[in-house]
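The structure appears below as C-alpha cells.
The values are calculated or read from the model by the stated rules, or taken from the named source; none is laboratory data. Note that the structure is predicted; figures quoted are calculated from it, not measured. All Cβ positions, even for glycine, are placed from backbone atoms using ideal geometry, and neighbour counts span all protein chains on display. Areas reflect the complete protein model, heavy atoms only, side chains present, ligands, DNA and RNA absent. Shrake-Rupley method; radii C 1.70, N 1.55, O 1.52, S 1.80 Å.
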Amino acid sequence: MFWVTPRHLAGDDSALAEKVGDALAGLGWRMWPTARSTLLYVSPDGLCGAEWVFAAYPFELGGLPVAWQLSRRSDDADVMTEWNAYFTTGVPYEALIDLLVAFDTGFALDSGDVGHETVLNALSVQGWLPDADRPRTTVLDPGFSASVSLEPQPALIHDADPRPGRVGWQAWAEPIIGAPYLWCASFSASVAHELVAAFASSLASPAPVARRTLPASARGRLTVVRCS
C-alpha cells in the first residue's frame, strides 16, 4: 500500500465502481441494475442519480470511457434531467465521493448568485495557478499536469438548457504532455458552481491518498509519502 501525493495524479486504483458505490450506499441511495448492464443509484428524494455506465460504454471523453454519470431532475414528475456530469476511469475516487457528499446535502443544487470564481478560488487557495492566457476561466496545477477550465459545452454533454454557446466546467489530467489523459471530467452548463468547487477542492487537496497500484504515466510525478 502506498500513500501518495498529489491526489489528482493518483488514479482510481481500479476501484472507482466499488469506492463510489460504497459511499452512495452509506448516504442511503438505492441501487439496482439496469437492462444496459449499468448500476443506477438514486437519492432518497428521487431527484438525484448516479449511474455506473462503464459497461454500456456510452461515449468517451479525451479518449477515455465514461464511467460515472451524475444527474439531477428539478422534480420527480420530470423525465428529462436538469443537468449532467460525467467522469472517466482514472479519476481519483476521493474527489468524486466528496462531490457526491456535497450533492447529497442539497446545498448546491442551484447556482443562484454564486459565480464561477467559486471554482477558481477553491483551487487557488490550494496552490493551483491561473492560466496566463485565460486567468479568469482556467486554473492549472503547480506541475502543469492538470487543468480545470470553463469551456464551451462539448458534444454529447446533455443539459436541459438548449441554448447554443453555453459553457460548462471541464477538467482533465495529463501527466505527460502529448500522452493519453489519465482522466477527464465534464460538467454540463447548468451544474452549480458550488458543486464543481466541491470536486475541485478535493482534487487539489494536499492530503495523501492510499493506493495499491500507481498509474504508469504518473509514476514520475507522484511522491510516495510512505508505504504500509
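Can you tell me which residue is surrounded by the fewest Cβ atoms within 10 Å (Cβ to Cβ) among those in region 137-157 that are touching a residue at least 40 places away in the same chain (Cβ under 8 Å), more than 14 Å from Phe199 (Cβ to Cβ) and among the aliphatic types (A, V, I, L, M)? Selected residue: Leu156. For Leu123, state whether it is open to solvent by less than 20 Å² (accessible area, probe 1.4 Å), farther than 21 Å from Arg30 by Cα and outside any loop (DSSP other than H, G, I, E, B). Yes: the conditions hold for Leu123. Of all the listed residues (Ala35, Ala23), the sole one being closer than 24 Å to Ser202 by Cα and either part of a loop (DSSP other than H, G, I, E, B) or open to solvent by less than 30 Å² (accessible area, probe 1.4 Å) (or both) is Ala23. Residues of region 20-44 that are touching a residue at least 12 places away in the same chain (Cβ under 8 Å) and among the charged types (D, E, K, R): Arg30, Arg36.
When you scan region 57-69, do you find a residue that is out of contact with any strand residue (DSSP E or B) (no Cβ under 8 Å at 6 or more places or on another chain) and outside any loop (DSSP other than H, G, I, E, B), even just one? No: zero hits. Would you point out the residue of region 53-97, among those that are touching a residue at least 12 places away in the same chain (Cβ under 8 Å) and aromatic (Phe, Trp, Tyr), that is most open to solvent (accessible area, probe 1.4 Å)? Restricting to residues being touching a residue at least 12 places away in the same chain (Cβ under 8 Å) and aromatic (Phe, Trp, Tyr), the top hit is Phe54. If you go through region 94-120 and keep only what is part of a loop (DSSP other than H, G, I, E, B), modelled with pLDDT of 85 or more and not small (Gly, Ala, Ser), you end up with just His116. Going by what's in this entry, would Val4 be described as under 21 Å from Arg211 (Cα atoms), of a type outside the set (Ser, Thr, Tyr) and either open to solvent by 40 Å² or more (accessible area, probe 1.4 Å) or outside any helix (DSSP H, G or I) (or both)? The answer is yes for Val4. Taking the criterion of being small (Gly, Ala, Ser) and modelled with pLDDT under 95, the residues of region 72-93 that qualify are Ser74, Ala77. The condition (being free of Cβ contacts under 8 Å to residues at least 60 places away in the same chain and either open to solvent by 10 Å² or more (accessible area, probe 1.4 Å) or part of a loop (DSSP other than H, G, I, E, B) (or both)) is satisfied by just one residue among Ala160, Ala132, Ala50: Ala132.
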